[in-house]
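Each reported figure results from applying straightforward, stated rules to the coordinates on display, with no laboratory input. Since this is a predicted model, take the numbers as computed values, not measurements. Here the Cβ positions follow ideal geometry from the backbone for every residue, glycine too, while neighbour counts run over all protein chains shown.
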Amino acid sequence: MASILDTVRGLVTPEVTARAASLLGEPESGVSRGLSAAIPAVLSGLLGKTGDSSLMRQIMSLLTDPSLDSSLGRNIGSVLTTGGIAKTPTTDLGSRFLSLIFGDRLASVGSALAEYAGLRSSTASSLLGLASPLVMSVLGDRARKDGLDANGLASLLGSQRDGILAAAPTALSGLTGLHMPRSVPIEAVPRESTWGAPRAWLGAALAGLALLGLWAWAHRPGTEQVALNPPVGQTASLSVTDLPDAALYKYRLPTNFELSAPATGIEKQLVLFIQDPSKGIDTATWFNFDRLLFETNSATLKPESKEQLRNVAEILKAYPNVKVKVGGYTDNTGDPSANQKLSQDRANEVVTELITLGIPAPRLSAEGYGQQYPVADNGTESGRAQNRRIALRVTDK
């Protein structure tokens, strides 16, 4: 059976593209490029919500709404009108669908799509308005044929994740909340030479300089770094390809995935704990994520965080009996109840991301602890930075 992406794209014939270009007053090439990007962008946005069971139930209610034109694929022209998208019950459902999956990022997605395709912002919005009901029509049809509920739909989307994300342009991937996961090829990591002790000294010095620069970068305005372990100055969201060998942990997992990460990071700690039979399960052993970045006062992960989440997902895939709990923590600044909610939302977001990376939901849980359990002095900026963290505990192995 054709993938969802291919099925939706198959509905956009050259005739549809030509008519849309004519009605929108744009070149066919730009409209074609825009639609080709809008469809996987919408699907990527939906993928980012598959871990939210409540929202997925809302999505299902839209897909099964009687107002959704199930024959839209054969009559796309019915939603096109001069200057934009016609106002119909189906396009209204499409607008609600876009709002659910993108929220306040919708305008940014439209702007990025316009820039990518070389179109006016209004045209990009119209193309999203066209892609949305098309995606809904295909998903609704598949849900009816296969008897899918919200969980079944989430699983179906998850099974086609890589194809969807590979089709989404890089310019849009961060805004949709996801990007195409890419492993780090071993060839990209600097290899050890025969320099001996001077080489090791130089590697350590370079690592220190790189991490110092990263600390300044990660603390730029508008970014909140969490899970500082070790303390400030020794974590960052730099790609591992920018670190020397002395600062890297490289290990080939049982699945043959080549893990490459900073030697001080959660990846090494987690692998060693899982592999050590003398390490039992307890409630006190937590491992701090060290390269997660969130928007300030938000549960929105920045794209730079995805490398470490990908690594952790690959570790969990390599050890399928392992179950984990994600804990969220804040400093003591602000309202305690707001801090509690923010910590829960952030923990939930990490779990959602791991689910989209292929980890079954029953193996994951999340809990927000707010400003409880500080690990450093909240009276200093560096202490507060360490207390803003996301941690992981193995609950079964």
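Bridging of Lys279 to lysines at a Cα separation below 18 Å is possible for Lys268, Lys323, Lys325, Lys397, once same-chain residues fewer than 8 apart are set aside. Once backbone amide H atoms are built at 1.01 Å from N, Ala366 has Val326 as its partners under 5 Å, excluding neighbours fewer than 5 places away on the same chain. Give me the distance between the Cα centres of the range 250-280 and the range 14-44, rounded to whole Å. The two parts, judged by their Cα centres, are 45 Å apart.
Express in nm, to one decimal, how much length is gained between Asn378 and Asp149 on full extension, taking 0.36 nm for each residue of separation and deducting their alpha carbon distance.
So the chain would gain 77.9 nm between Asn378 and Asp149.
With the simple model of a label 7 Å out from the Cα in the direction of the Cβ, Leu55 to Asp92 spans 2.4 nm. Here each label is just a point 7 Å from Cα along the line to Cβ, and for Asp335 and Arg120 those points are 4.2 nm apart. Normalised by residue count, the range 4-173 yields a Cα convex hull volume of 97 Å³ per residue. The separation of the range 311-362 from the range 57-71, counted between C-alpha centres, amounts to 31 Å.
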